[in-house]
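Since the structure comes first, as structure tokens, the remarks are kept for the end.
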Amino acid sequence: MSKEIVVSGIRSTGYLHLGNYFGAMKNYVKMQEDYDCYFFVADYHSLTTHPDPKDLKANVFRVVAENIASGLDPEKVALYAQSDIPEIPELYLLMNMLAYKGELEKVPTFKDKVRTQPDNVNAGLLTYPVLMAADVLIHKAVKVPVGKDQEQHVEMARNFANRFNHRYGDLFPEPQPFNFGSELVKVPSLDGTGKMSKSENGNATLYLADDDDLIRKKVMKAKTDSGPTEPNSEMPDYVQNIFQLMHLVSKPGTVDTYRGMYNDCTIRYGDMKKQLAEDMVAFIAPIRQKAIDLQNDEDGLRKILKAGAEKARESASKTITEARKLIGINYY
Ligand code: TYM
């Protein structure tokens, strides 16, 4: 029986962090065993913010290295750069004919960008979800492992797929967002506001490249208060966040111990954060070290990307040929 197809991507806009790991990469690593996986660096997507051309290559190679350091095996999956697959922008162009200005303008991530970068509201930003749909549909993926923040984009990919099928004939399955747990993940930032992020909130985000002291410093600065005064009282958001982070990297027994101390009002947040900092260091340090080693072997990374692009183009060229034919672009 053929395996289900999985696609997901990570933008090469900065250092990967714990949110990328637990929202996406942890799932990639588990899925590589049982699915037909295509994982890529979304370097075209990163161009919406006009990064310095001389940074691009290092950014792409770092994302590849950090994925492998997190457990991805390039022998088991296709690991490639989006810009190595010309069939993706071709499908993006075809899909743009089925995407409407009104629906694109309503996307919350677009509205956010309009607010935060009003001087650079370019068409690439507006059609970002269409490019994402092309990334996913080019391999006819059914599962898309992503964090909670990408849920709506995957829903749009599903809409575009249905629209294409309806107009031109059945080609695409419906892609669904995926997480091995019950719900998609949102890893909170350390300051109690929002989520960990590549581009904002650097002091409240734990990066896979952070050194041990920086990890300790960031964790110790996490927002807390003077502690509960009533047994079993409700937890403020920022304390919940610390428990959530502990749940990701510490032993279950450790989390239970601190939960008990919270409930009987004996908790000392300083101790809890020290414990969390050490557990974070133990989690991040080996990934960081492996990623550094991989980045020092540029030739090795280049080979991996080339092999990944070859695998990905094989599947992408089949889909684009079918899409062109259904649309009527087969003249000869
Ligand atoms: P990006 O590069 O912002 O993030 C990569 C992955 O990490 C997840 N993520 C999080 N998960 C939980 N908590 C967080 N704090 C957190 N921050 C990030 C994201 O949900 C994502 O899964 N548009 C995408 C890249 C993309 C893509 C695709 C994804 C391009 N084409 C096709 C899937 C399929 C993005 O900017 O992700």
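The values are calculated or read from the model by the stated rules, or taken from the named source; none is laboratory data. Because the structure is predicted, anything quoted here is derived from the model rather than measured. Ideal geometry is used to build each Cβ from the backbone, glycine not excepted, and the neighbour counts take in all protein chains shown.
Out of the range 44-54, which residues are surrounded by 12 or more Cβ atoms within 10 Å (Cβ to Cβ) and not in a loop (DSSP other than H, G, I, E, B)? Correct list: Tyr44, His45, Ser46, Leu47, Thr48, Thr49. Residues that are more than 7 Å from the ligand (Cβ to nearest atom) and of a type in the set (Lys, Arg) within the range 142-157 comprise just one, Lys143. Within the set Asp36, Asp52, the sole residue that is out of contact with any Lys or Arg (no Cβ under 6 Å at 6 or more places or on another chain) and more than 10 Å from the ligand (Cβ to nearest atom) turns out to be Asp52. Looking at the range 6-36, which of its residues are in contact with a Phe, Trp or Tyr (Cβ under 7 Å, 6 or more places away or on another chain) and farther than 28 Å from Glu200 by Cβ? Scanning the range 6-36 gives Val6, Lys30.
Residues that are within 14 Å of the ligand (Cβ to nearest atom) and crowded, with 19+ Cβ neighbours inside 10 Å do occur in the range 93-107, at least one of them. Suppose we filter the range 241-266 for residues that are touching a residue at least 24 places away in the same chain (Cβ under 8 Å) and either polar (S, T, N, Q) or part of a helix (DSSP H, G or I) (or both); how many remain? So the count comes out to 11. Among residues of the range 13-25 being outside any strand (DSSP E or B) and either farther than 27 Å from Phe172 by Cβ or modelled with pLDDT under 95 (or both), the one that is nearest to the ligand (Cβ to nearest atom) is Gly19. Residues being under 16 Å from Lys198 (Cβ atoms), assigned to a loop (DSSP other than H, G, I, E, B), in the same structural domain as Val146 (by TED's automatic domain parsing) and of a type outside the set (A, V, I, L, M) are represented in the range 65-78 by at least one member.
Filtering the range 1-12 to residues that are assigned to a loop (DSSP other than H, G, I, E, B) and either within 7 Å of the ligand (Cβ to nearest atom) or modelled with pLDDT of 95 or more (or both) leaves Lys3, Glu4, Ser12. Residues of the range 281-291 include at least one that is within 16 Å of the ligand (Cβ to nearest atom), at pLDDT 95 or above and either exposed (fewer than 15 other Cβ atoms within 10 Å of the Cβ) or more than 30 Å from Thr49 (Cα to Cα) (or both).
For Val219, the requirement of being within 14 Å of the ligand (Cβ to nearest atom), of a type outside the set (Lys, Arg) and buried (at least 18 other Cβ atoms within 10 Å of the Cβ) is not met. Is there a residue in the range 163-184 that is assigned to a strand (DSSP E or B), touching a residue at least 24 places away in the same chain (Cβ under 8 Å), surrounded by 17 or more Cβ atoms within 10 Å (Cβ to Cβ) and within 15 Å of the ligand (Cβ to nearest atom)? Yes, the range 163-184 has at least one match. Among the residues of the range 267-285, the one identified as in a helix (DSSP H, G or I) and either more than 28 Å from Gln240 (Cβ to Cβ) or touching a Phe, Trp or Tyr at 6+ places or on another chain (Cβ under 7 Å) (or both) is Met272.
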